[in-house]
Structures are given as C-alpha cells and as structure tokens.
Amino acid sequence: MLNFDHAASTPAHPDVIRTVAEVMEAHSGNPSSIHRSGEAASRLLDRSRGVYAAALGGVRQQEIVLTSGATESNNLAIKGTLLGRGDGRKHIVTTQIEHASVTESCLQLEQLGMETTFVPPEADGTVSAEKVLAALRPDTALVSIMHVNNEMGAIQPVEEIAQLVKQRDPKILVHVDGVQGFGRVKLELASSAIDLYSLSAHKVRGPRGVGVLYVRSGVRLFPLLTGGGQESGLRAGTENLAAIVGAAKAFRMAAEGLEQRAAKMTKLRQLLIAEVRRHDRLILTEPRFPAPHIVHFTFPGLKSQVILHTLEELGVLVSAQSACAAKTEKPSRVLSAMGLSREHATSGIRLSLGDEHTEEDIRQLVDALDKAVGLLAPLEGRKR
Ligand code: PMP
C-alpha cells in the first residue's frame, strides 16, 4: 500500500521506536520518586525537555508543557486561558477552519457563558489579518489560529496576526495550532509574538499520545488536569517517559531537516499538481500560500468516500477531509467556509506527503489516480 495520508499520522521513525523500547526497558522509575531510579528518570525527562526547547528554535525549557497530544494542548491553551480569570474577559476569536479540538473547546466554553467569533477564511484559504482585528473586542482574551490547515494546506499569516493583535491589545493571548506546520514551514517561535503553540509528535514520525504546548514565560493558564503537580502544575499525571524521550528525537529530526524536507516535498508537490491538472474533472484547491506536504482536489459529482475507496482498491491510501472528520458524509466545513458549493465540499480528497516519498511513489500515485478517474468518471452525478 502506498500511504499518501501523512497529515493524518506518520509512520514512527525506526530510531524513535528503538528509543522508546530502550527507555521502557531501562527506566522503570517514576520521575517524581526521590530514589535513584526516580532521579534517573527525572534527569532523562529534563534532558528531553532541553531537546524539545531546542527543536522549537531555542525557547526556554520551562516554556515546554508535555501533554498527551495536540488535542490536549489545544484544550489547555483555550480553556486554560479563558477559565478562572478575574478580569471579565470572556471572548475568543478563532476561525471557521480550525481542527475540531479548537472548535469544540470554544463551543464547550460557550456553554459556560463565553463567546466566540469564528472568522471565515478568504476564498484562497487564507485568514485575513484585517478580519481578525475587526473581530477583536475589549473583552477578547484569546485569538486562536492554526499555522497550516490540515485539510487543504493553507499556511496562515500567524506571526503577522500575532503582532497586529498585540499592537492593538497586549493583554490578548495568541494561540497557534502548529501541528501541520512544525517541521514543514519555518517559524521563529522564540522571537515571535505568539504566546501558545500546540504540537503533536505523531505528525512528525514520533509516537502517538505525546504533544507539547509551548507556553511563553509569564503566561498563566488554568490547569485542566490537577493532581501531582507535574509539568509545573499545568498538567498532572505520571509522565509517559519512554514516549516523551522518543518524541524528543522525532521533534529534533523534524526541526533539523526542515529546509531540505520542505524543498523535496515542494518539488514532489509540483509534480503531483501538474498531473492532477491534466484531468479536467479534478478541481485543485489552491491555497494562496500552500504548505509543502498537502495537495487537495475535488471531483464534483462524486462523494469523497467513493473516490477514497476506489484509490484504496488501487493500492493508495488518501483522506477525505481530516482524519477525525473522515467518517462523516457531511460537506467539509473547511471547504464550505471557503465558499465552495455543497457539490464540491462533499467530493474533496486530500493527498499528504511524507519525508520518504520519492518521484517513483508520485508516479505510482498518478497511475492510480488516472485509473480511478477512468473508473469513476462515468458514475459522476449519479451519487449526488
Ligand atoms: N490540530 C491539527 C491541525 C491536526 O491536524 C490534528 C491531528 N488530526 C490535531 C490538532 C490533533 O492532534 P492529536 O492527534 O495529537 O490529538
């Protein structure tokens, strides 16, 4: 099977798998224990935190909060900012194209009396800084915008937005869901105006179930998990040491190889795009600023699931919408927000590249795509 669904999850790197196994074998201690075994585990945890801080571009170790994944990081960033504050700020500005873990966190807070403005993207997938600024209110506490959209791959001007928001009102915190951006699109976090940045290890060849929330020094959050006081009191629970150490390796590799990886993926992406363009039935979704690893198209008149399963029969794994929305037949909320018709928004396919893909893989994918179009074109319209 050819896997072109790396935005959903990436295969763990062999060095990561080895590291996880080695740490599980060698370290049975709880990092909070004060005996030798606990102290060894604690030292390893500290060392890993240094690796995370370096991978994020030289931020401080104390700014790294380890979580169970980006879903938790996004929940902590959003709820942690809005809950338990005494200044009456209860408004969030986010966008209509965020991952469900952001959208649902905001909707849950609405049940507790908070308010959210969901800014729509432009037709080219970009969220305009002017529209974000126009949505700000005197009681806005948080702006939350993703770095790269996980469905159609638009890069958002997060640093520009963060700077403009801070100029307007320095008390507003800016959160960025960086899951699809990290390791693919450069961002200087340490010198940026961004306060909170979410990451997930399994999107960069690390294990599932490990995430990071970068929390700029001085930013105070209301913890969602309380207990033993781990992660500076922000996230209680015995640390998943082996996975954390393995993920540190994955984050380091992702950061170190960024330029090379992005250049290689961009080249493969161009090849793929040229091939998709040959089919007049396939309509490319072309963000103004595309990420290097995502190609998205629609096949109007056919349901995404039909196209996806046909490609699977032909040996290629792809995605319709994001992995967590894949089981629904509803129109994509991201494509609808960009102004695409229902017919387009129910027929989207996402192809996402990994760092080991080759031109030969692209040729095989294109071959399968040609066959799929040949098989499906006669059905067009019947499944509407
Ligand atoms: N945000 C984005 C943009 C994502 O693509 C994902 C993964 N689908 C998440 C958040 C959630 O990450 P995790 O799987 O680590 O909870």
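Scanning segment 355-384 for residues that are surrounded by fewer than 18 Cβ atoms within 10 Å (Cβ to Cβ), under 29 Å from the mean Cα position of the chain (by Cα) and not in a helix (DSSP H, G or I) yields E356, T358. For segment 296-332, the set of residues classified as within 16 Å of the ligand (Cβ to nearest atom) and modelled with pLDDT of 95 or more consists of H296, L317, V318, S319, S332, listed by residue number. Quick one: is E98 within 16 Å of the ligand (Cβ to nearest atom), on the phi < 0 side of the Ramachandran plot and charged (D, E, K, R)? Here the answer is yes, as E98 does meet what is asked. The residues listed here are A274, A291; of these, the one that is under 15 Å from D5 (Cα atoms) and of a type in the set (A, V, I, L, M, F, W, C) is A291.
For segment 15-29, state whether one or more residues are under 17 Å from V204 (Cβ atoms) and within 16 Å of the ligand (Cβ to nearest atom). Yes; the residues of segment 15-29 include at least one that is under 17 Å from V204 (Cβ atoms) and within 16 Å of the ligand (Cβ to nearest atom).
If we scan segment 121-137, do we find a residue that is among the hydrophobic types (A, V, I, L, M, F, W, C) and under 30 Å from P207 (Cβ atoms)? Checked against the condition, which is being among the hydrophobic types (A, V, I, L, M, F, W, C) and under 30 Å from P207 (Cβ atoms), segment 121-137 yields no hits at all.
Quick one: would you say A291 is under 25 Å from S101 (Cβ atoms) and free of Cβ contacts under 8 Å to residues at least 60 places away in the same chain? Against the criterion (under 25 Å from S101 (Cβ atoms) and free of Cβ contacts under 8 Å to residues at least 60 places away in the same chain), A291 does not qualify. Is one or more of the residues making up segment 10-26 surrounded by 14 or more Cβ atoms within 10 Å (Cβ to Cβ) and in contact with a strand residue (DSSP E or B) (Cβ under 8 Å, 6 or more places away or on another chain)? No, every residue in segment 10-26 fails to be surrounded by 14 or more Cβ atoms within 10 Å (Cβ to Cβ) and in contact with a strand residue (DSSP E or B) (Cβ under 8 Å, 6 or more places away or on another chain).
Against the numbered list (1) surrounded by 15 or more Cβ atoms within 10 Å (Cβ to Cβ); (2) at pLDDT 95 or above, N30 comes up short only at (2). Can you find even one residue in segment 246-257 that is more than 15 Å from the ligand (Cβ to nearest atom), surrounded by fewer than 22 Cβ atoms within 10 Å (Cβ to Cβ) and modelled with pLDDT under 95? Yes, that holds for at least one residue.
The values are calculated or read from the model by the stated rules, or taken from the named source; none is laboratory data. Every value quoted in this text rests on a predicted model; they were computed, and no experiment measured them. With ideal geometry, Cβ positions are generated from the backbone for all residues, glycine too; neighbour counts draw on all protein chains shown.
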